[in-house]
Amino acid sequence: MRGLFVAISKSKRRAAYFWAILLAIPVLFFIWLMRPEEGFIRWLYPAFILMCAGWAWRLYRGVNLGAIERETIATVTLFFTIKLAYYLFWGNLEHNWVEIESTYWVMAFVMVLLYIVFDARTGLVYSLALAVVTLILGLLRLGGEVAQGLYRAEFLAFIRSEMRLFAMAGLLYALAIVKDQLALANRQVEEMHALARTDPLTGLPNRLALSELLEEASQHMHGLYLVLLDIDRFKQINDRFGHAAGDEVLREVARRLCLSMRREDVLGRWGGEEFMILMRGEGQQDVLAAVERLREDIAFWPFKQVGPVSASFGVAEGHIGDSIHALVERADRALYEAKRLGRNRVELSPA
């Protein structure tokens, strides 16, 4: 799991990186134009600008985001570590301190990227490693000078910058852990919510979920059709072949219905051997033809162990002003009529 920013989608990260790089390119180019006398800027900034342009192009073309993220972090880290070392060891330290301070802020930004790209533990390891490298560079440059009473102000500024880096590494790690825990708790709640609304035998929405879907669908009754279907003589299947075979029949019926249904239809297990389908249609004939195909898909092929199995279907059309209870009741009466007329048939409830 990602650390601090697990909720940020790839598309949003890609867009953010793309526009950030496009903004960085003219800024880097402007610095290069204004300060050509500095060796580091004169020679390395053009190369860095070209790499930024390459990243922007690859982001635009949709190249694998993870590879670009890792490559960008590695390159930016190396580039600004070299920059820090250059300004620490080359030229006048007091004159260079503005560049050194700005480099520390870039390092802090790199730490944020580490927690975006990697999990919390990996982000902490890399962040601490980055802070240790900058600490070593600073101590190598300033340790001996401070012992001689030189660059005390710069040394204090260096210590403050290092403290910010270590504190930021710890803070980002703490936030990432909290984020992970909240994400885990949220996922567990979602899983419990899904389990409470899923039939464990067939994996279909259960009665609770169907009731909620019915409540939602009832806001637009026009064109809504409710189908109740019941496996014919299911008690005899259980009595003759056992409940394990009966459960397998329920699973197979659910599978066949799922394969045969239209994409926009919703199937669930209403209870026992009874299933419910919510359908949308502009005309009764189209809906009845779709339901008839479902009936045939159940009855046409024998089931393992038990042989032929059929189901009876009751269909009710929703009308403006209908209640959910009235709609279910009409579908149930149509189902009863299909049973009474010989089973293995589809009956439409009168309006």
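Normalised per residue, the accessible area of segment 12-95 is 58 Å², obtained with a 1.4 Å probe and no contribution from ligands, DNA or RNA.
Qualifying GluC sites (Glu not before Pro) in segment 198-269, where qualification requires a DSSP coil assignment and no more than 11 other C-beta atoms within 10 Å, comprise 264. Is there a pair in 83/179; 235/304; 10/83 whose C-alpha atoms are over 25 Å apart, and which pairs would that be? Over 25 Å Cα-Cα: 83/179; 10/83. Computed about the Cα centre, the dipole magnitude for the chain is approximately 720 debye when only Lys and Arg (+1) and Asp and Glu (-1) carry charge, each at its Cβ.
Largest mean-square fluctuation among 275, 40, 313, in a Gaussian network model of the chain whose springs join Cα atoms under 10 Å apart, belongs to 40. Entry comment: accessible area of segment 169-211 is 63 Å² per residue, from protein heavy atoms only and a probe of 1.4 Å.
If you put +1 on each Lys and Arg Cβ and -1 on each Asp and Glu Cβ, how big is the dipole of segment 29-142 around its Cα centre, in Debye rounded to 20?
Using only the charged Cβ atoms, the result is roughly 280 debye.
Tally up the carbon and sulfur contribution to the accessible surface of segment 40-183 as a whole percent, 1.4 Å probe, everything protein left in place. Could you put the intermediate results ahead of the total?
On the way: 5150 of 7280 Å².
Here it works out to 71 percent.
When the charge dipole of the chain is built from unit charges on Cβ atoms (+1 for Lys and Arg, -1 for Asp and Glu) and taken about the Cα centre, the candidate among 241, 114, 327 whose Cα reaches farthest toward its positive end is 114.
For the chain, what does -39500 (n - 2.57) per DSSP helix run (n ≥ 4), summed and divided by total residues, give at 222 nm, in deg cm²/dmol to the nearest 500? If you can, show how the numbers build up before the last one.
Details: 11 runs with 242 residues, N = 351.
-24000 deg cm²/dmol, from helical runs alone.
For segment 274-338, the solvent-accessible area works out to 50 Å² per residue, with a probe of 1.4 Å and every protein chain left in place. In segment 280-327, the portion of solvent-accessible area held by carbon and sulfur atoms comes to 55 percent [1.4 Å probe, whole percent, DNA, RNA and ligands not counted]. Considering only DSSP states other than H, G, I, E and B, which trypsin sites (Lys or Arg not before Pro) in segment 266-332 qualify as loop sites with at most 13 other Cβ atoms within 10 Å? Loop-located and lightly packed - 304. Look at the dipole of segment 40-104 built from charges on Cβ: of 103, 47, 60, the Cα furthest out on the positive end belongs to 60.
Specify the inter-centroid distance of segment 281-328 and segment 215-262, based on alpha-carbon positions, in whole Å. Segment 281-328 and segment 215-262 have Cα centres spaced 9 Å from each other. Can you give the translational diffusion coefficient of the chain in µm²/s, computed by Stokes-Einstein from the Kirkwood radius over Cα pairs at 10 °C and 1.306 mPa s? Rounded, D is 61 µm²/s. Largest first, the extents of the alpha carbon coordinates of segment 137-225 on the three principal axes equal 88, 31, 14 Å. For the chain, what are the DSSP H helices with axial Cα length of 30 Å or more and mean Kyte-Doolittle hydropathy of at least 0.0? Those that clear 30 Å and a mean of 0.0 are 10-34, 39-61, 65-89, 93-117, 120-147, 152-196.
The values are calculated or read from the model by the stated rules, or taken from the named source; none is laboratory data. Note that the structure is predicted; figures quoted are calculated from it, not measured. Note that we place each Cβ from the backbone using ideal geometry, even for glycine, and neighbour counts take in every protein chain shown. The protein model used for the area step is the full one, side chains on, heavy atoms only, and it has no ligands, DNA or RNA in it. Shrake-Rupley method; radii C 1.70, N 1.55, O 1.52, S 1.80 Å.
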